[in-house]
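The values are calculated or read from the model by the stated rules, or taken from the named source; none is laboratory data. As the structure is a computational prediction, the values presented were derived from the model and not from experiment. Cβ placement follows ideal geometry from the backbone for every residue including glycine, while neighbour counts extend to all protein chains displayed. Side chains are part of the model used for accessible areas, which takes the heavy atoms of the whole protein and leaves out ligands, DNA and RNA. Shrake-Rupley method; radii C 1.70, N 1.55, O 1.52, S 1.80 Å.
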Amino acid sequence: MKKISRRRFLRNGLLAGLGLGLLDAAWLEGFFVELNRHDLRPAGQEAELRILQISDLHLKPLGWKHQRLLRSIRRAQPDEIAITGDAIDAADQLELLDRFLGQLPMDTPVVAILGNWEYWGEVDLEALSDTYARHGGQLRINQHRQYTFSGRKVGITGIDDFVGGSADYATAIRDYQAVDFHLVLTHCPVHCDWIERERGPERIDLILAGHTHGGQITLLGYAPYCPPGSGTYVRGWYRERGLPLSVSKGVGTSVFPLRFGSRAEVGLFRV
């Protein structure tokens, strides 16, 4: 048997590692979408509201990835679906969003907010709102609404995009009344710093944001770049500033069709 030199062995190992890394970045991390579960119920509380967050879809032609995602969502049996911006990047993708929404669980309420790409892509916001409404959904732009789930009063506040739009928490919260649970949706996580300063006596139990893609391409957990509107927030939970914020890594990609060290995800929050 012919011996392999140390140099050749190291070279082959490096090339194999590089190939696997490229495969992971170009296919695995973007193609497979994790469903991450978070149980936020206080001790002793059995009743639950299941809120599923979908962020940064950046819809391209619907394929196997989206069918897997839709099956996962249906199995999760959410009571409410929150779409936290950047569902589409351009006006001609409305038909894709229409098809995607049509495959979500029937009779599950959908509430959506805007991201920067709906603005940058010059999406017709009235047509976008009509697309959500056609499937029983609501597009919220600085608006608050209240619902009753299993006898609990729940408020959901949707904020306009912080970068491309006119985020206005004070206007959004104008119709707030006391609730048992208050959910705030904002696309750019740095907006939470403004919310902290602008908030009044109203309770805020959970803020859901996206936008960062978890860095999209990270090195040993470090994100070299996050888009404007991210601030110091990258992914996961942030509670140290008094507001419970969860930043989703999102589903799609923008600019570069690659993910590395930042697996695509949706979140299921039991509250």
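Checking each residue in segment 222-239 for being free of Cβ contacts under 8 Å to residues at least 24 places away in the same chain and among the aromatic types (Phe, Trp, Tyr) picks out TYR222, TYR225, TRP237. In segment 26-62, the qualifying residues are those that are open to solvent by less than 30 Å² (accessible area, probe 1.4 Å) and either of a type in the set (Gly, Ala, Ser) or modelled with pLDDT under 85 (or both), and the one that is nearest to PHE256 (Cα to Cα) is GLY30.
Annotation: of all residues in segment 80-106 being crowded, with 18+ Cβ neighbours inside 10 Å and acidic (Asp, Glu), the one that is nearest to the chain's Cα centre (by Cα) is ASP86.
If you check LYS65, LYS60 for being out of contact with any Lys or Arg (no Cβ under 9 Å at 6 or more places or on another chain), in contact (Cβ under 8 Å) with a residue 60 or more places away in the chain and of a type in the set (D, E, K, R), only one passes: LYS60. For LEU114, the requirement of being touching a helix residue (DSSP H, G or I) at 6+ places or on another chain (Cβ under 9 Å) and open to solvent by less than 20 Å² (accessible area, probe 1.4 Å) is met.
In summary, strands (runs of 3 or more DSSP E) completely within segment 161-240 and bearing 1 or more residues that are within 14 Å of the chain's Cα centre (by Cα) and crowded, with 20+ Cβ neighbours inside 10 Å occur at 181-185, 206-209. For segment 109-143, which positions are of a type in the set (Gly, Ala, Ser) and out of contact with any strand residue (DSSP E or B) (no Cβ under 6 Å at 6 or more places or on another chain)? Within segment 109-143, GLY115, GLY121, ALA127, ALA133, GLY136 qualify.
For segment 226-258, a residue qualifies if it is farther than 19 Å from LEU183 by Cβ and modelled with pLDDT under 90, and the qualifying residues are GLU240, SER254, VAL255, PHE256, PRO257, LEU258.
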